[in-house]
Amino acid sequence: MAEDARKRIALTGRVFPKPTATRVLTVANQKGGVGKTTTTVNVAAALAQAGLTVLVIDIDPQGNASTALGIDHHAEVPSIYDVLVDGTPMADVVQECPDIPGLWCAPATIDLAGAEIELVSLVARETRLQRAITAYLQHTATSDVPAPDYVLVDCPPSLGLLTVNAFVAAQEVFIPIQCEYYALEGLSQLLKNIELIRNHLNPTLHVSTILLTMYDGRTRLSAQVAEEVRNHFPEQVLRNTVPRSVRISEAPSHGQTVMTYDPNSSGALSYLGAAAELADRGVAPAGA
Ligand code: ADP
Ligand code: MG
């Protein structure tokens, strides 16, 4: 509780620094249910509330990020499917989050479930998201649409073409890790895939950020997993960890992030702290 009060005082109302150029991060982990979507939407909300412009790109056919941001994504809504498969401009599908000015979302609709297969036969199938983001950034330079400081891509729990598109489009990979048994299982496969993408498709890609989620300070297991991850990735792991919190899991059913649903809860304060670290690192001189 004292820790929450300290975070609240240190962080509430703070304006986060703008990165010098748009940072594109792919939130990935090939496991499902580890907190990718929760991390994407809450970090995005925290960055936007702190004065930055943020675009969330939902490329999971489940559309959970769109739901959590209160964005309409029924089957007829123009969506990231149209962008990836038909080449529709991203600007034609983005919607601003109703609760949080400055937070935009390119929603996913159920059509996206077929995109994994439809993309296979298309030209430049691995670079379609990258091209769409580049075109969108150019568009913002010459229109009233604000240029995003951050683009966060919420990935499905697989390493198919949708995720490959996300890796090609990003400079940074942001990995949420659930502090539970088997947390590290499969991580080496993810890192190998990132290495393959770096060697063949996107030399700038690197794992910049790791966030420990569903952390339970009372269990030795959480502490052990956290220590192991910190030993492996001393530079990447954020100091803030996200606790298991009922408020975090309730928020999406209200079409909200926990940042608006219960901004003073420990879950919201953890995501605020994590977002502040992400933003501060984005402007620190290299190697700092
Ligand atoms: P992923 O996108 O990796 O599949 P989600 O972000 O959808 O994972 O999270 C999986 C489930 O766990 C969801 O029901 C979500 O509400 C819940 N959840 C995520 N983070 C937390 C947390 N810190 N505390 C409690 N529940 C959480
Ligand atoms: Mg998800």
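Values in this text are rule-based calculations from the coordinates and carry no lab data. All figures in this text were calculated on a predicted structure; none of them were measured in a lab. For neighbour counting, all protein chains shown are included, and Cβ atoms are generated from backbone atoms with ideal geometry for every residue, glycine included.
Computed 3J(HN,Hα) for region 33-39, one whole-Hz value per residue from the Karplus formula 6.51 cos²θ - 1.76 cosθ + 1.60 where θ = phi - 60°, is x, 9, x, 4, 5, 4, 5, glycine and proline marked x. Proximity of backbone amide H atoms, modeled 1.01 Å from N, is registered between Val153 and Leu25, Thr26, Val27, Ile57 at under 5 Å, excluding neighbours fewer than 5 places apart on the same chain.
From least to most packed, judged by other beta carbons within 10 angstrom and beginning with the fewest, Thr37, Thr163, Thr67, Thr127 follow the order Thr127, Thr67, Thr163, Thr37.
Taking the highest mean first, how do the peptides 232-238, 185-191, 26-32 order by number of other beta carbon atoms within 10 angstrom per residue?
Numbers: 232-238: 15.0, 185-191: 13.4, 26-32: 22.1.
Most protected by this proxy first, the peptides run 26-32, 232-238, 185-191.
Based on the mean of other Cβ atoms within 10 Å per residue, sort peptides 9-22, 83-96 so the most packed one is first.
Answer by packing, highest mean first, reads 83-96, 9-22.
Taking all C-alpha pairs of region 200-288, those more than 15 Å from each other amount to 66 percent.
Which ordering of Thr140, Thr39 is given by a fewest-first count of other beta-carbon atoms within 10 Å?
On the way: Thr140 18, Thr39 25.
Least to most surrounded, the residues fall as Thr140, Thr39.
Residue-wise HN-Hα couplings along region 111-119, as the Karplus relation 6.51 cos²θ - 1.76 cosθ + 1.60 with θ = phi - 60° gives them from phi, are 3, 4, 4, x, 5, 3, 7, 5, 5 Hz; Gly and Pro carry x.
Net charge in the neighbourhood of Gln256 (other residues with Cβ under 14 Å of its Cβ; Lys, Arg +1, Asp, Glu -1) is -2.
Based on the mean of other beta carbon atoms within 10 Å per residue, what is the order of 40-47, 110-117, 242-249, 152-159, most packed first? The partial results should precede the final answer.
Numbers: 40-47: 30.2, 110-117: 16.9, 242-249: 18.6, 152-159: 23.2.
The peptides rank, most packed first, as 40-47, 152-159, 242-249, 110-117.
Remark: the Cα gyration tensor places region 35-144 in the oblate category, a/c being 1.5 or greater and a/b not exceeding b/c. When its C-alpha radius of gyration is set against 2.2 N^0.38 Å (N residues), the chain gives a value of 0.94. Taking 0.36 nm per residue of separation and subtracting the current Cα-Cα distance, fully stretching the chain between His139 and Thr12 would add 42.5 nm.
Take Asp58, Asp99, Asp4 and order them by how many other Cβ atoms sit within 10 Å, fewest up front.
Taking fewest neighbouring Cβ atoms as first place, the list is Asp4, Asp99, Asp58.
Between amide H atoms placed 1.01 Å from N, distances below 5 Å from His206 occur with Glu172, Val173, all of them 5 or more places distant or on a separate chain. Amide H to amide H distances under 5 Å link Ile177 with Leu211, Leu212, Thr213, where only residues 5 or more positions off or on other chains count and H is placed in the peptide plane.
Return one number: the angle in degrees, 0 to 90 and rounded to the nearest 10, between the long axis of the Cα atoms of helix 220-232 and the longest principal axis of the Cα atoms of the chain. Approximately 60 degrees, to the nearest 10. From the square roots a ≥ b ≥ c of the eigenvalues of the alpha-carbon gyration tensor of region 98-157, which class results: rounded (a/c under 1.5), prolate (a/b over b/c), or oblate? It comes out oblate by the Cα gyration axes.
Run the helix sum for the chain: -39,500 (n - 2.57) per DSSP H stretch of 4+ residues, divided by residue count, reported at 222 nm to the nearest 500 deg cm²/dmol.
Details: 11 runs with 111 residues, N = 288.
It lands at -11500 deg cm²/dmol.
The charge dipole of region 49-105, taken about the Cα centre with unit charges on the Cβ atoms of Lys, Arg (+1) and Asp, Glu (-1), comes to about 180 debye, rounded to the nearest 20.
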